[in-house]
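First comes the structure, then the notes that go with it.
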Amino acid sequence: MTTEDSAARDPEGRGGGPAAGRDQAVRAAVEQGLITPESPVAGLLDVTGIRRSAAALRAAFAEVTAPGTPVLHAFAVKAAALVPVLRLLADEGLGCEVASPGELALARAAGLPADRMVLDSPAKTYAELREALALGIAVNADNPQELARLDTLVGSPGSPGSSGSSGSSGSSGSSGEIASPLGLRVNPQVGGGSIDALSTAKPISKFGFALRDEGAREWIVRAFLDRPWLTRLHAHVGSQGMPLELMAAGVRETYELAEAINAAAGRRQIDTLDIGGGLPVSFASDEPPAFGDYARLLRATVPGLLDGRYGLVTEFGRALLAKSGMVLARVEYAKSAGGRPIAVTHAGAQLATRTVFAPEFWPVRVVAYDAKGRPKAGPRVAQDVAGPCCFAGDLVAENRPLPLLEAGDLAALLDTGAYYFTNHFAYNSLPRPPVYGFAADPAAPGGVRFALARPQQTVAEIVAESGGAQRDALTSGGLGGDALSGGGRGGGEQGGGADSVT
């Protein structure tokens with residue numbers, strides 16, 4: 001059955017399997033007071049499902065790689081920046097791919113060792129690079145200027161340990177003292193997928209060394225030959241909406257470049273290839289991500305990548321978590337306009353940002369439950385499912401046939417385990433919701449045990465991060481309100497003197 005057929009016959013993901021566990025979790029969440037009028041929205045993560053997904057990824061690549069091949073599956077932290085989630089994945093043998101100081105701090109807080117972390121970012125500062133090198137974290141340089149920064153920190157070509165050009169913030173010692181595996185990110189320029197904003201391998205892209213630009217391959221080969229401490233190549237071609245065949249073509253281009261560099265060096269200088277992540281996810285059914293299909297396609301397309309001569313790094317994010325999460329939101333009001341019912345819930349653009357602003361690319365399945373957490377029955381009625389944000393387009397589903405939602409009912413947004421809980425859009429200063437992990441437990445109420453992974457953000461915390469402690473910074477307590485306003489409120493005399501701003 002195709003994804004489209006599955007969605008048409010079972011649009012709410014019912015019919016046993018994952019749906020049965022989902023229904024049980026929703027009812028238990030209500031029974032245990034996780035969703036209430038005072039706490040009307042929450043994220044739920046299926047811990048067993050996450051473990052199953054991690055196991056599927058490991059098994060898929062174990063099937064196609066030569067015995068003894070070093071493989072690191074580094075979870076893309078941006079997909080679910082929660083310390084307990086990173087700890088759970090670490091328990092399943094995964095590492096972390098980080099792209100900011102905050103993500104690095106989260107990975108370290110989760111207990112990840114340096115040799116299971118990779119730093120990728122197009123805008124690394126000197127401070128970030130120095131920290132990564134000091135910790136021994138793998139780094140992929142994104143562009144020639146960043147590579148020049150590494151020269152100053154690791155040792156310029158022909159001058160190990162040199163402090164390099166002016167403007168350097170210092171050196172971390174000679175290349176022989178560097179524990180971090182270092183590489184270059186390349187853009188194979190094989191083309192984009194159906195979502196332009198996520199396509200990283202187009203002819204023009206902010207990411208990586210553009211491999212097909214004039215003279216680029218020769219420049220990259222020379223860069224490696226001049227820097228024996230460069231031992232990796234990285235390419236991230238995949239994304240939602242990207243065909244697997246195009247992803248594999250990008251990996252093949254990267255592999256062929258590695259082979260050319262090693263031939264020119266006369267040795268195996270490049271010992272590891274980082275092939276990124278970006279495996280697409282079906283948002284129309286419960287069909288799991290195709291880790292096995294992708295791994296077997298790589299074996300057919302790039303057999304040399306998997307024969308044991310190269311270590312392998314992957315950076316999957318969405319594919320690991322999306323299917324194991326849902327946003328559960330209470331319907332605050334049910335109304336109608338223009339003859340169409342509208343369910344106003346507490347889950348909108350602040351959580352489902354991409355869905356609200358680009359619904360054609362990021363549709364979500366919505367399942368209707370009653371106030372007790374039981375699946376709603378009854379005829380399907382075309383209706384809008386709206387969020388709480390103060391703009392008209394804050395809709396997670398438009399004209400969607402569902403059992404009619406009423407005040408007090410619950411709307412579950414499926415496949416939201418990645419990007420929805422932790423990429424919060426602070427519109428209207430709405431709080432970040434609590435996130436709970438859950439697992440089946442016959443001894444727990446409703447047969448489901450929950451664990452709090454992140455508490456709900458409080459109003460006091462919103463005020464604090466919005467400058468509450470600096471209330472008077474722009475008025476008399478800081479810059480001097482009278483001087484800035486030209487002599488006081490209401491058009492008084494002109495300000496001047498020592499407090500004037502010039």
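The values are calculated or read from the model by the stated rules, or taken from the named source; none is laboratory data. Values in this document were obtained by computation on a predicted structure and should not be read as measured data. Neighbour counts are summed over all protein chains in view; Cβ atoms, including those assigned to glycine, are modelled from backbone coordinates with ideal geometry.
The table that follows gives values for the structure above.
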| read-out | value |
| --- | --- |
| Candidates 392, 407, filtered to the one that is part of a loop (DSSP other than H, G, I, E, B) and free of Cβ contacts under 8 Å to residues at least 12 places away in the same chain | 392 |
| Test result for residue 221, surrounded by 18 or more Cβ atoms within 10 Å (Cβ to Cβ) and either over 30 Å from residue 364 (Cβ atoms) or among the β-branched types (Val, Ile, Thr) (or both) | no |
| Selection count where residues are more than 23 Å from the chain's Cα centre (by Cα) and within 12 Å of residue 420 (Cα to Cα), scope the stretch 321-353 | 0 |
| Selection within the stretch 249-271 - modelled with pLDDT of 90 or more, small (Gly, Ala, Ser) and buried (at least 21 other Cβ atoms within 10 Å of the Cβ) | 258 |
| Out of 368, 322, 349, 329, sole residue that is in a loop (DSSP other than H, G, I, E, B) and either more than 24 Å from residue 18 (Cα to Cα) or not hydroxyl-bearing (Ser, Thr, Tyr) (or both) | 349 |
| Residue count, the stretch 372-389 (criterion: of a type in the set (Gly, Ala, Ser) and surrounded by 15 or more Cβ atoms within 10 Å (Cβ to Cβ)) | 3 |
| Which numbered condition residue 369 misses (of (1) among the aromatic types (Phe, Trp, Tyr); (2) over 30 Å from residue 236 (Cα atoms); (3) surrounded by fewer than 23 Cβ atoms within 10 Å (Cβ to Cβ)) | (3) |
| Number of positions in the stretch 453-469 that are assigned to a helix (DSSP H, G or I) and surrounded by 13 or more Cβ atoms within 10 Å (Cβ to Cβ) | 3 |
| Pick from the stretch 328-366, criterion polar (S, T, N, Q) and surrounded by fewer than 19 Cβ atoms within 10 Å (Cβ to Cβ), ranking: nearest to residue 404 (Cα to Cα) | 336 |
| Single match in 81, 109 (criterion: within 15 Å of the chain's Cα centre (by Cα) and outside the structural domain of residue 21 (by TED's automatic domain parsing)) | 81 |
| Every residue from the stretch 332-346 that is outside any strand (DSSP E or B) and more than 16 Å from residue 425 (Cα to Cα) | 338, 339 |
| Spans of helices (runs of 4 or more DSSP H) in the stretch 37-144 with at least 1 residues under 30 Å from residue 25 (Cβ atoms) | 47-64, 83-91, 101-109 |
